[in-house]
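The structure appears right after this line, and notes come after that.
Since every read-out is calculated from the coordinates, none of them should be taken as a lab result. Note that the structure is a prediction, hence the values are computed from the model and not measured. Note that we place each Cβ from the backbone using ideal geometry, even for glycine, and neighbour counts take in every protein chain shown.
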Amino acid sequence: MNFAKYRSFQSRRFYNTCMLIMCILPLTAIVSCDKTPFQYDGLIDPEHQTNYTLVDSLTCALSTYQLDSLVTSGSATILTGEYTDPNFGTLTAGSYFHLETPATTSTTIDNNVVYDSTEFVLKPNHYFYGDSMSVQTINVHKLTKKILLPTTQTALYNNETWPYDATPLGTWSGRLRPSVDSIIHIRLPDAIGQDFLDQARRHTVALTSQADFLNYFGGISIQTTSHNGQNIIMGFGGSDTTAYLRVHYHLRDLVSTPQALTFKITDNQLQFNSYKWNRTGTPIGKMDQIPYPGLNKYRSISSNDLGHVAYIQPATGLVARLDFPTLPNLLNYAKFTHVLKAVLVLRPVNSSYSVFTLPPKLTLCEVDRDNHVLDTLTSPTGGTQYGNLVIDKLASEQTAYTYDISNFIANQIAVQGGPENMHGLMIMPNLGDFRARTDRILLSDAKHSTATTNRMTIQVYYLNYQ
C-alpha cells in the first residue's frame, strides 16, 4: 500500500488524512547493552574507541486507540454475520447496496410470458471470520429509500446504517463451506417478482429509468439474525456478477423457453458495510466508558490497564500506536552515534488466534503527535512492509510480524526540540483490509506475562564513536 492510498484513509472528522490511534510506548530504559569494540581504519581516529552496540531491552508500554469512524464503501465486498469473541465482544456485520434495472433482452416481454419464481443470489468470496462450522442466517431486506452521500461526506462509514424494512424479503439458514460452496440462492416472495415482470411488460419508467427505479425500489440490505448462536462473518462478492436479484419466467410457447430478468448490484461507491459491536464484559469494554475527549482527539487505554496487550480490530476502529520519546538519549553516550539497523518484532498473544485467525498483513505508518499519517514505512529496497507474518504452528511462541525500522529510528534520534516533536508508528491492517475484512489481533507488549519469546521486542544496532 503506497502513501497516497494511505492518505485517502479517512475518519469522519478527517477527510484528507488517516488519523492514528494508540499508545505511547515510552522507552524508559536503555540497558543490557553488549558492546564489542572494533576499529574502522582510515575512517575514525584509531586513538578513539568505536563501539558496535546492540540495545535489546528497551522498556515498552503499549496502548489502544479508538477511531471514530472508518471508510467501508467501495470495497466490492458484502459482509454479513455475527461472532462473539471473549476478548473483543460481539461483532455484527451487514451490507447495503443498490440494484440496477435489467439490461435489454432480445425477447420482448409481453402477455406471452409466464412468471416462475424470484430469488436473490450471493456468491461467497471465500473470506470468513470465526467458526466455519457455525450455522449462519442471511436475511435479504428492502431499503426504504435509496442510498445518498451526505453533502459533507465523500464516503460511507463503518458505523453508518440505512433504513430498511424490518421484515426480510427472504431468509437463508445453513452452513456455508467457504472453500467449497460457490453460490447460495435465497427465495424471495412471488409478489415482488410478479410486480417486476408486470412493470417490464408495461414498459413503465420504474424499470426503464435507473433514477425512477431507485425511487421505486430503494435497494437491498443483507443482514443476519442476531443472538441465534452463530459465530461467523462471511464475505460475498459485491460486483454485478456475484450479487443480484433474478426473476425467472418462461415464454408461453409449444416449447417452454426459460428466461430471466436480472437486477445486478450497481453504484459500487455507495455499497458499504456496517458494523455494530457490544464489548460488555470484556477488558476493552473500558474504552466505551471513556468520555469523548473532544474534536481531533481519540479515546485511548494503556496496555498496562489491559493486561499488557493492545487491541486491533479495524472494523470497530481499534488501532495501535508506538512512540519512542527517549530515543534521543542514545546521543548522550558518545560524540557520534550512527544507527546501523533497527528491528521491530510484533507478537500476538499466545492462544488468542486458534479460532479467530490473524490479519495476514499489518502496516506501520509514521504519524505526528496529532495522528496525521505522514508516510508508510518501507523496506530498505523501497517496498511497503507488511510484517512478513510467520505462524508457529507447533508451539505458537514464535508467531510474529517483523519490520526493519532502521530509517525511522535514525530520524527520530536526531529530532530536536523534545518528545513533542517526535513521530510515532501506527499499527494497522492495510487499507483494503479495513474495508473488506473483520480480522482482529491481540498484541503483546514487552511486559506481557507469557514467555519472553511471546513479547514485543525492539533491537537497535548502532555505532558509538567516543
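Below, the figures for the structure above:
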| item | result |
| --- | --- |
| Virtual spin-label span in nm between Asp190 and Asn268, 7 Å along Cα→Cβ | 3.8 nm |
| Along the chain, longest interval not containing exposed GluC sites (Glu not before Pro), exposed being DSSP loop plus at most 15 other Cβ atoms within 10 Å | 48-396 |
| Under 21 Å, Cα to Cα: Lys pairs in the stretch 77-277, sequence gap 8 or more or different chains | 6 |
| Calculated FRET value between Glu397 and Asp240, using beta carbons and R₀ = 45 Å, to 0.05 | 0.45 |
| Rounded FRET efficiency, nearest 0.05, which uses the C-beta distance separating Ala260 from Ser182 and R0 of 22 Å | 0.75 |
| For Trp172, Trp162, order by how many other beta-carbon atoms lie within 10 Å, fewest first | Trp172, Trp162 |
| Proximal charge balance of Gln412 [Cβ under 15 Å; K/R count +1, D/E count -1] | -3 |
| Label-zone membership for the stretch 245-278, site Ala103, 7 angstrom Cα→C-beta point, backbone N under 17 Å | 245-247, 259-268 |
| Positive-pole candidate from Ile391, Thr84, Ile441, dipole of the chain, charges at beta carbon | Thr84 |
| Within the stretch 77-277: Cβ-based charge dipole about Cα centre, in debye rounded to nearest 20 (Lys, Arg +1; Asp, Glu -1) | 40 debye |
| Relative contact order, percent, the stretch 77-277 [alpha-carbon distance under 8 Å, six or more residues apart] | 44 percent |
| Low-density loop cleavage sites - trypsin sites (Lys or Arg not before Pro) in the stretch 353-415, where at most 16 other Cβ are within 10 Å (DSSP) | Arg369, Lys393 |
| Helix 190-202 vs. the chain, principal-axis angle (Cα, 0 to 90°, nearest 10) | 70 degrees |
| Rounded Å value of the spacing that divides the Cα centres of the stretch 257-309 and the stretch 157-183 | 17 Å |
| Computed lengthening from Tyr115 to Met133, 0.36 nm per intervening residue step minus Cα-Cα distance | 2.8 nm |
| Contact order relative to length of the chain, as percent, for alpha carbon pairs under 8 angstrom and 6 or more apart | 26 percent |
| Fewest-first ranking of Ile284, Ile186, using other Cβ atoms within 10 Å as the exposure measure | Ile186, Ile284 |
